[in-house]
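Taking it in order: structure first as structure tokens, then the write-up.
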Amino acid sequence: MSRRTHEPLIFRIHGMDCAEEVSLLKRELIPLLGGEDRLGFDLLNRKLTVDTSSQDVAHEDVLAAIERTGLKSEPWQDAGATGVDQSFWQQHQRSILTGVSGLFGLAGSILQFVNVSEAESVPLVSIVLYCFGIIAGLLLVLPKAWRSLVSLRPDMNLLMSVAVIGAVLIGEWFEGATVAFLFSLSLLLESWSVGRARRAIASLMDLSPPTAHLQGKSGEIKDVAPADVPVGSTVTVRPGEKIPLDGRVISGISGVNQAPITGESVPVEKESGDEVFAGTINGDGLLEVETTKAADDTTLARIIKMVGDAGSRRAPSEKWVEKFAAVYTPAVMIVALLMLLIPPLVFGGEWFVWLYRSLVLLVIACPCALVISTPVSVVAALAAAARNGVLIKGGVFIEVPARLKAIAMDKTGTLTQGAPAVVDVVPMNGHDETELLMRAGALELNSNHPLARAIVEETKRRNIEIAAADGFETIQGKGASGLIKGKAFWIGSHRYLEQRGQETPEVHEQLESMQKAGRTVVVVGNDEHVCGFITLADAIREETRDAIRQLHEAGVDQLVMLTGDNEGTARAIAADAGIDEVHAELLPEDKVAAIERLVEQYQYVAMIGDGVNDAPALARASLGIAMGAAGSDSAIETADIALMSDDVSKLPWLIHHSRRTVGIIRQNITFALAVKAVFVVLTFAGFASLWAAIAADMGASLLVIGNGLRLLKSVSPSDRQPRSG
């Protein structure tokens, strides 16, 4: 009896290495399931997820559909995700078969050419050796070719199989064996190249340490797996060790190497209250960390999952190549058939000659180099970006930055540090800065308001001792009051000062000037007079100005700030940063409307943000980019790209990296088609042979693979700077 389940079916698919296998699986499974959205492909781990919920689909039906593709499947097991439980044959069968094919083909050719007395015919022993070489070369190809034939959807496996069988039928044993070997070798090289790009990404999995030093309630240390550490626990991280889980430092000071996650080239100093990430490397200090996320929800775990999913989300170039190949391959078979029939039947040509030429056409027209040119480049580009702290969630997003004409940015946490800091302390009426800060700190000590925390931080930075005010009382929406050494003091906004009637024209003019400059003003006073005021501002990030300049130089026409902050603050920050256009005091729906207007005007528009209120705009933009380190989970999940270091200087690098990727993809496609065009002409003219055609096709494949893998060496601009010493 067939089994039906509402749980997703998860398989490991042996041989699922690139776009071709994904297409085969989609071809069989989409009609069964009724939609592509029910399929999930993880090329990184050769993992297939099939959603059968709300479908009357049996487990056996899914297995039968997979089997029809010629691929082998097995139930997914996490322990075997990396393939360590595969047999020697499963891991090395393609290499072994290619080697056997080459050796037998070489042996057959040596024996054939040694027997010069039988030059007019191929010796039987050579034929036997050629047969073994051909079988070894086509053993993994023939099942796919057969599936392609019976489904009437010809692919490169069918093209090569027909060419080899045709060569054998006309007695060209040497060329048939050579084609089988070279095609097997080209598939081996393709598998190796994709594997190299895959290993570059899979190295992320080695970042997480196998154990965590968990502190018990009585202070004892116990080594456990990170997956067994509950959220909120305390773990000890010794000098030089990797941090096992995301968390917050509660004790200790140390420089942490965050390069594996954020791409930052220098260690970041961490102390109590600072956030740390799983997979980063502790420096020479001992840290105690309170965990904030479970092992399967850490930043590192999310990166691994997103990169794993990314391989199946195809870039526009990949989709174009797939559509082109779907039309191109059957068209080539029709042309080859016409080449075989028309010259002999219409013009009296020799059947043998035109059969041979049609076989050469099938070989040279094989879209192997064309098909593999794009996915290799895309996977290499994704891997390089991940190493530089830029998480791109799929090949579909790798090409968009190259086309950007406008970029919209949130202010707080994106262009600025996201937290206010004290800028000016202005004492009045005989008070000094220390006295003013001490009184402000006493009134704000127990407040959680960001402005209050900034003032308290400034008093600590200046080593000013403060004690909480007595009789503390919050004045809703205005400020607070309390007793300091028995005397009443108040703290509040400019508006509260006006309401109290203690403002002078000079003070009003000074405060208005500060507010127009983008500063937030906090006034301190008592019943007699104003003691002074403190101005605060959300400081612009150090790298923001250079990043904005580089974006303009990169050809981005319009840089826009979208913020919920007040107009004065927004314009001050925009002027400082070099932003072209400002929209302030916006609600989330206003940001979406602004993005829609930009998309209508510029077509390709990116939105960069870090907060929950940015998520709708991120989703509406052509490209959503989240500030990943401090950004909200909703922003990161909604965005197409995450900057893991919260460094906007990664944006110019991303644009240049995207343009380089697009350039290499175009080079590969152009080169692959040009080689084929040249050999098609040579074939019609009678100057091409089977072995030369496959050699040219393999050479083209090798060149486009090597060209694509150059993207693995893409580095951030900071890494190119010369080091001292």
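The values are calculated or read from the model by the stated rules, or taken from the named source; none is laboratory data. Please read all numbers here as calculations on a predicted model, not as lab measurements. Positions of Cβ are generated from backbone atoms using ideal geometry, with glycine treated the same way; all protein chains shown enter the neighbour counts.
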Checklist entry - From the list Thr520, Thr504, which one is of a type in the set (Ser, Thr, Tyr) and more than 28 Å from Gly578 (Cβ to Cβ)? => result Thr504
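Wholly within region 473-564, which helices (runs of 4 or more DSSP H) include no fewer than the required count, namely at least 3 residues that are in contact (Cβ under 8 Å) with a residue 12 or more places away in the chain and either out of contact with any Gly (no Cβ under 9 Å at 6 or more places or on another chain) or of a type in the set (Val, Ile, Thr) (or both)?
Correct list: 505-516, 544-553.
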Checklist outcome for this item: Restricting attention to region 447-461, the residues that are outside any helix (DSSP H, G or I) and modelled with pLDDT of 90 or more number exactly 0
Checklist entry - Is there any pair with a first residue in region 204-223 that is assigned by TED's automatic domain parsing to the domain that holds Val235 and a second that is part of a strand (DSSP E or B) and modelled with pLDDT under 85 whose Cβ atoms are under 8 Å apart and which are 6 or more apart or on different chains, and what are they? => result none
Checklist outcome for this item: Of the residues in region 151-165, those that are modelled with pLDDT under 80 and either in contact with a Lys or Arg (Cβ under 6 Å, 6 or more places away or on another chain) or in a helix (DSSP H, G or I) (or both) come to Met156, Asn157, Leu158, Leu159, Met160, Ala163
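Filter region 466-495 for residues that are among the aliphatic types (A, V, I, L, M) and crowded, with 16+ Cβ neighbours inside 10 Å; which is farthest from the chain's Cα centre (by Cα)? Explain how you work it out, then say what you get.
Going through region 466-495, the residues among the aliphatic types (A, V, I, L, M) turn out to be 466-469, 475, 480, 483-484, 488, 491.
Restricting the remaining residues to those that are crowded, with 16+ Cβ neighbours inside 10 Å gives 466, 469, 480, 484, 491.
Working: Ile466: 48, Ala469: 51, Ala480: 47, Ile484: 55, Ile491: 48 Å.
Among those that are among the aliphatic types (A, V, I, L, M) and crowded, with 16+ Cβ neighbours inside 10 Å, it is Ile484.
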Next on the checklist: Quick check on Gly418: is it surrounded by fewer than 24 Cβ atoms within 10 Å (Cβ to Cβ), part of a helix (DSSP H, G or I) and in contact (Cβ under 8 Å) with a residue 40 or more places away in the chain?
Outcome noted: no
Item to check | Qualifying residues in region 108-130 (those that are farther than 21 Å from Ile165 by Cβ and assigned to a helix (DSSP H, G or I)) - the one modelled with the lowest pLDDT | outcome: Glu118
Next on the checklist: Here is a list: Ala294, Ala381. Which entry is hydrophobic (A, V, I, L, M, F, W, C), under 12 Å from the mean Cα position of the chain (by Cα) and modelled with pLDDT of 70 or more?
Outcome noted: Ala381
Checklist entry - Any residue at all in region 389-398 that is modelled with pLDDT under 75, crowded, with 24+ Cβ neighbours inside 10 Å and out of contact with any strand residue (DSSP E or B) (no Cβ under 7 Å at 6 or more places or on another chain)? => result yes
Checklist outcome for this item: Note on region 650-686: residues surrounded by fewer than 22 Cβ atoms within 10 Å (Cβ to Cβ) and of a type in the set (Ser, Thr, Tyr) are Thr670
Checklist entry - Of the residues in region 565-590, how many are touching an Asp or Glu at 6+ places or on another chain (Cβ under 7 Å), part of a helix (DSSP H, G or I) and among the aliphatic types (A, V, I, L, M)? => result 0
Checklist entry - Could you count how many residues in region 221-250 are in a helix (DSSP H, G or I) and surrounded by 14 or more Cβ atoms within 10 Å (Cβ to Cβ)? => result 1
